[in-house]
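One structure is given here, and the rest of the page talks about it.
The values are calculated or read from the model by the stated rules, or taken from the named source; none is laboratory data. Computed from a predicted model, the values in this text were never measured in an experiment. Cβ sites come from the backbone with ideal geometry, for glycine too, and all protein chains shown count toward neighbours.
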Amino acid sequence: MLRGVAVFREFLPLDDQGAMLDEIRAVIAAAPLFRPVTRWGRPMSTRMTSAGRWGWFSDRRGYRYVGTHPETGEPFPPIPPSVLAVWEQVTGLARQPDCCLVNFYDARARMGLHQDRDEADFTYPVVSISLGDSALFRVGNIERGGSTESLWLHSGDVLVMGGPARLVHHGIDRIRPSSSTLIEGGGRINLTLRVVK
């Protein structure tokens, strides 16, 4: 546990990581990665897409969920079965997520401290799956500011942010390039599963 965030080290064996990556590649083929901008008009350093009924989106109008891919106009593809299986195993919930946000981090990408609070019901957890290069994950507090703690997330690790930790501020400080051979050419894919509506 890290400030209430449950950490499942090496949850996915390497073969399972490879199979999940193949399913995510199919998602990206149907719903290509794009680079959103913040509400201040700055491009994010990560590229992203989604699977499921809803996809997370950001532009100058703010942060929100949308029902179609912002570039293709098509619905997002279904959440892959291997990803749903992780949700079921670590949460034990019958209710399935309706969004899987796919973030791709190259060696320079970062994610500032933020809360996942665009969902309607915070009683459902957020589940995070790491694939590829290791990332330094930072956790803060529910209120902005104060002390933080960090740990390295490696390929196959899974996090669950639920209960009192559902709204903690969290982010990615940096990526450790070439720390994994899972993704050809390097990089990290982070999958976050959410119940949106």
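Observations
- Positions within segment 114-157 being part of a loop (DSSP other than H, G, I, E, B), of a type in the set (D, E, K, R), out of contact with any His (no Cβ under 7 Å at 6 or more places or on another chain) and exposed (fewer than 15 other Cβ atoms within 10 Å of the Cβ), in sequence order: R117, D121, E143
- Selection status of G67, closer than 26 Å to I142 by Cα and either modelled with pLDDT of 95 or more or β-branched (V, I, T) (or both): no
- Among strands (runs of 3 or more DSSP E) entirely within segment 158-197, having at least 1 residues that are among the charged types (D, E, K, R) and under 13 Å from the mean Cα position of the chain (by Cα) singles out 188-194.
- Hey, R194 basic (K, R), surrounded by fewer than 18 Cβ atoms within 10 Å (Cβ to Cβ) and either over 14 Å from V5 (Cβ atoms) or in contact with a helix residue (DSSP H, G or I) (Cβ under 7 Å, 6 or more places away or on another chain) (or both) or not: no
- Residue within segment 89-104 that is surrounded by 14 or more Cβ atoms within 10 Å (Cβ to Cβ), more than 15 Å from the chain's Cα centre (by Cα) and not in a loop (DSSP other than H, G, I, E, B) present: yes
- Hits in segment 43-64 - residues which are of a type in the set (K, R), at pLDDT 95 or above and not in a strand (DSSP E or B): R53
- Total residues in segment 65-88, condition more than 15 Å from the chain's Cα centre (by Cα) and under 22 Å from M44 (Cα atoms): 9
- Residue check, F137 more than 23 Å from W54 (Cα to Cα), aromatic (F, W, Y) and touching a strand residue (DSSP E or B) at 6+ places or on another chain (Cβ under 9 Å): yes
- Cβ-Cβ under 8 Å pairs, at least 6 apart or on other chains, segment 18-35 side in contact (Cβ under 8 Å) with a residue 40 or more places away in the chain, far side surrounded by fewer than 16 Cβ atoms within 10 Å (Cβ to Cβ) and of a type in the set (S, T, Y): A31/T72; P32/T72
- Enumeration of residues in segment 1-42 that are at pLDDT below 95, part of a loop (DSSP other than H, G, I, E, B) and exposed (fewer than 15 other Cβ atoms within 10 Å of the Cβ): M1, T38, R39, W40, G41, R42
- Total residues in segment 154-180, condition of a type in the set (A, V, I, L, M) and without any contact (Cβ under 8 Å) to a residue 60 or more places away in the chain: 1
- Filter result for T46 (within 24 Å of I175 (Cα to Cα), hydroxyl-bearing (S, T, Y) and either crowded, with 18+ Cβ neighbours inside 10 Å or out of contact with any Leu (no Cβ under 7 Å at 6 or more places or on another chain) (or both)): yes
- Taken over segment 65-75, residues that are surrounded by 12 or more Cβ atoms within 10 Å (Cβ to Cβ) and under 20 Å from D121 (Cβ atoms) amount to 2.
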